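The values are calculated or read from the model by the stated rules, or taken from the named source; none is laboratory data. Keep in mind that this is a model prediction, so the values were computed, not measured. Don't worry about glycine lacking a Cβ; one is built from the backbone with ideal geometry, like all the others, and counts go over all protein chains shown.
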């Protein structure tokens, strides 16, 4: 059995017990990746044509109610953190209305060439009028004429591609007009993730993945199977919850190596909370 297959099968059998077992982490640590990676590698997001950095700068750790650990740094603090990442080759800004991070990203955008960065944000609207209003407001808040990526945030229903067709149509129209470059979703149940994999409308998916199943839609093996389906269909797959929302703070090397080993992630997002933490992540990816 190949090492990667061993890791994924182990994900199914070991489950939450990994949190107290060193076996899976040792297996990941012993694995040799097929290539060297860098946080600043230029990657193409699926079939969208969007080129950006492998590591996205997350702004939504414990993000809800228009607040997150990153926005707690203040507009200048988070803007400086994003610009520090930019100086280290990171070109992917991961924002959301729910995080309240638009003003912070807008401040950073004042200091970079707009077409050199990828701006991703997310709408929680579930009807057409709300989504249309969000697109106008988001662009004003971010100080940009267009969004590179706009996602439907946190879809959970198995039938979401039918239930929220109005929102999907608004985003499709926005793409035709050039208001956004691509559209997709972030999923928070395995049923929603499977629906996303089957939907031709989904061009990019933000998916929760880590080796212990922390804050994920299902066990790692099941999720990876769905992500492979997405990848085969030409969709962009961007990983999130790589460190399990802090559960793997003391296992960062293994978690990063796991993400890089899967062969299904075009990029992944991690929310650093300081320049030191950000630069440490960049070093760890290079050392994986």
Discussion item. Any residue that is loosely packed, with under 12 Cβ neighbours inside 10 Å and either closer than 30 Å to residue 172 by Cα or within 15 Å of the chain's Cα centre (by Cα) (or both) - is there at least one of those in the stretch 23-38?
Written reply: no
Item to complete: Could you tell me whether any residue of the stretch 52-63 is surrounded by 15 or more Cβ atoms within 10 Å (Cβ to Cβ), in a loop (DSSP other than H, G, I, E, B) and at positive phi?
Response: no
Worksheet entry | Hits in the stretch 229-254 (condition: in contact with a strand residue (DSSP E or B) (Cβ under 9 Å, 6 or more places away or on another chain), part of a helix (DSSP H, G or I) and buried (at least 22 other Cβ atoms within 10 Å of the Cβ)) | 230
Practice prompt. Looking only at the stretch 257-275, decide whether some residue is touching a strand residue (DSSP E or B) at 6+ places or on another chain (Cβ under 7 Å), without any contact (Cβ under 8 Å) to a residue 40 or more places away in the chain, buried (at least 23 other Cβ atoms within 10 Å of the Cβ) and not in a helix (DSSP H, G or I).
Written response: no
Discussion item. Any residue in the stretch 80-105 that is on the phi > 0 side of the Ramachandran plot and surrounded by fewer than 24 Cβ atoms within 10 Å (Cβ to Cβ) sitting within a Cβ distance under 6 Å of a residue that is at pLDDT 95 or above and in a loop (DSSP other than H, G, I, E, B)? List the pairs, counting only those 6 or more apart or interchain.
Written reply: 89/40
Worksheet item: Is it true that residue 178 is more than 16 Å from the chain's Cα centre (by Cα) and within 24 Å of residue 260 (Cα to Cα)?
Response: no
Discussion item. Can you tell me which condition residue 222 does not meet? The list is (1) touching a strand residue (DSSP E or B) at 6+ places or on another chain (Cβ under 7 Å); (2) part of a helix (DSSP H, G or I); (3) surrounded by fewer than 19 Cβ atoms within 10 Å (Cβ to Cβ), and all the others hold.
Written reply: (1)
